[in-house]
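Here the structure comes first, spelled out in structure tokens, and everything after it is commentary.
Values in this text are rule-based calculations from the coordinates and carry no lab data. None of these values were measured; they are calculated from a predicted model. Reconstructed Cβ throughout: ideal geometry from the backbone, glycine too, with neighbour counts over all protein chains shown.
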């Protein structure tokens, strides 16, 4: 019997790149940037705070009321009118479960409006009210 010569076909090489290590690197970078990111509290209104000595940093879980010089109001970055202020204040108080409020009032804000906001806060049983200020002597 004659010998049959078998011809071997050349092996087809897998020419695709393995993307697994690159995907791993991308996820590691994503996790690194998510962890090291510093989140800033939302500030809806542009305010110029009065300057003072010894400013205090307060808890993140706090109701922040912003009052601009042209009578605009915002609670935790959400615009609000004076008519609906107390209803939104009550809902934020229940949502965050706090009894403290932080007022960021512009230098040009009307004193009467700040007092009205403070009065409304007392009516809904907010126990602690603090006024924001900028540090007069920033350490750089």
Antiparallel %, DSSP beta bridges [both residues in segment 51-135], to 5: 35
For 5, 92, order by how many other beta-carbon atoms lie within 10 Å, fewest first: 5, 92
Sites residue 28 and residue 94, calculated FRET efficiency, Cβ-Cβ separation with R0 41 Å, nearest 0.05: 0.55
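Rg(Cα) of segment 51-135 divided by 2.2 N^0.38 Å? Display every interim value, and only then the final one.
Details: Rg = 12.1 Å, N = 85, 2.2 N^0.38 = 11.9 Å.
My calculation over the Cα atoms of segment 51-135 gives 1.02.
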